[in-house]
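**Student:** A single structure is presented below for examination.
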Amino acid sequence: MEVRTLIAVIWDMDGVLVDTAEIHYETWIETLGEEGIPFDRETFRRTFGMNNRKVLTLLLGREPDEGEFRRIAGRKEARFREAVRGQVQPLPGVRALLEQNRARGFRQAVGSSAPMENIEVLLEEMDILKYFDVIVSGANLPGKPDPAVFLEAARRLDASPEHCVVIEDSIAGVAGAKAAGMQCAAVLTTNPAEALKQADLIVESLDKLPGDWVEVLFPGLEKVREC
């Protein structure tokens, strides 16, 4: 008979598992410049964590038509996937935490706004695909701060939202985690602490996460016996 905790961990990818911010920024600048669409670092910071459809809707002030969306987003993401080859490593503390979560029996998912092709390339490049039970792309779901990607991850993990913790770095992602009814641990990769104050726990980096972080977030940690 095995005793396991009823906890699922849902990881954002960009800015949490890996620091790809500068690559995203550069590929957006290049692609949007070809379209004559203004873009700067503040706009990038504000939209980081949203899916491409939501980003383009905000930049254009309207919903892009399908051909326009496929042209711009497709070109940007192809550039991104080419740029990350051989250039990425997990952020500090990521691999150790993935191992610890697995050792504790927590199910783990990726819940990212990125296209599935990007997620797969990055997880394979970093050799961490094996840690995840579920991978959910929010590219074709309502974008963060809508909770859709996190709720879909919980559904596929067969976990209730109140037993899920989301690890995020973006303003939109933290808001989405809380809208899903989940706990949220925020890491200060791309935003200052004051911008992520909705989170239940904030750390500078994942290697600074306290050993009892799960007990802090879930003080009444439930256990189930499996025969």
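**Student:** I'd like the accessible area for T43: 1.4 Å probe, protein heavy atoms, all chains in place, Å² to the nearest 10.
**Tutor:** 20 Å²
**Student:** Also: Taking only C-alpha pairs under 8 Å that are 6+ residues apart, what is the relative contact order of region 126-206 in percent?
**Tutor:** Rounded, it is 23 percent for region 126-206.
**Student:** Same structure again: With every protein chain left in place, what is the accessible area per residue of the chain in square angstrom, probe 1.4 Å?
**Tutor:** Spelled out: the 1.4 Å probe surface of the chain, per residue, equals 46 Å².
**Student:** Sequence gap at least 6, Cα distance under 8 Å: using those rules, report the relative contact order of region 1-110 to the nearest whole percent.
**Tutor:** The value is 51 percent.
**Student:** Ok, one more. In whole percent, what relative contact order does region 85-221 give with Cα contacts below 8 Å and a gap of six or more residues?
**Tutor:** Answer for region 85-221 is 19 percent.
**Student:** Given charges of +1 on the Cβ of Lys and Arg and -1 on the Cβ of Asp and Glu, with all other atoms neutral, how large is the dipole of the chain about its Cα centre, in debye to the nearest 20?
**Tutor:** So the dipole magnitude of the chain works out to roughly 340 debye.
**Student:** Continuing with this model, one more query. Would you calculate a helix-derived [θ] at 222 nm for the chain, using -39,500 (n - 2.57) for each DSSP H run of n ≥ 4 and dividing by the full residue count, to the nearest 500?
**Tutor:** -12500 deg cm²/dmol
**Student:** Right, here's the next one. Which far-off residues, 5 or more places away or on another chain, put their amide H under 5 Å from the one on I202, with H placed in the peptide plane?
**Tutor:** A186
**Student:** Please name which of A139, F69, P92 has its Cα lying farthest along the dipole of the chain towards the positive end, using unit charges on Cβ (Lys, Arg +1; Asp, Glu -1) and the Cα centre as origin.
**Tutor:** A139
**Student:** List, in order, the whole-Hz ³J(HN,Hα) value for each residue of region 151-156 obtained from phi through the Karplus relation with A = 6.51, B = -1.76, C = 1.60 and θ = phi - 60°; use x for Gly and Pro.
**Tutor:** Couplings: 5, 5, 4, 4, 4, 6 Hz.
**Student:** Only residues of region 31-58 count here: report those whose backbone N is under 17 Å from the spot 7 Å along Cα→Cβ of R71, or say none.
**Tutor:** Under 17 Å, as judged by backbone N against the label point of R71, lie 31-38, 53, 56-57 of region 31-58.
**Student:** I'd like the Karplus ³J(HN,Hα) series for region 43-60: coefficients 6.51, -1.76, 1.60, θ = phi - 60°, whole numbers in Hz, and an x wherever there's a Gly or Pro.
**Tutor:** 5, 4, 4, 5, 9, 4, x, 7, 7, 4, 5, 5, 4, 5, 4, 5, 5, 7
**Student:** Go through L56, G33, A21 and say which Cα lies farthest out towards the positive end of the charge dipole of region 18-79; charges sit on Cβ, +1 for Lys and Arg, -1 for Asp and Glu.
**Tutor:** Positive-end residue among those listed: L56.
**Student:** Same structure again: I37 to A78: extension gain in nm, 0.36 nm per residue of separation minus the Cα-Cα distance?
**Tutor:** 12.9 nm
**Student:** OK, next. In nm, what is the difference between 0.36 nm times the number of residues separating M116 and D158 and their Cα-Cα distance?
**Tutor:** Going from the current span to full extension adds 13.0 nm.
The values are calculated or read from the model by the stated rules, or taken from the named source; none is laboratory data. Worth saying up front: this structure is predicted, and the values here are computed from it rather than measured. Glycine gets a Cβ as well: all are built from the backbone with ideal geometry, and neighbour counts include every protein chain shown. Ligands, DNA and RNA are stripped out before the accessible areas are found, and what is left, the full protein with its side chains, is counted by its heavy atoms. Shrake-Rupley method; radii C 1.70, N 1.55, O 1.52, S 1.80 Å.
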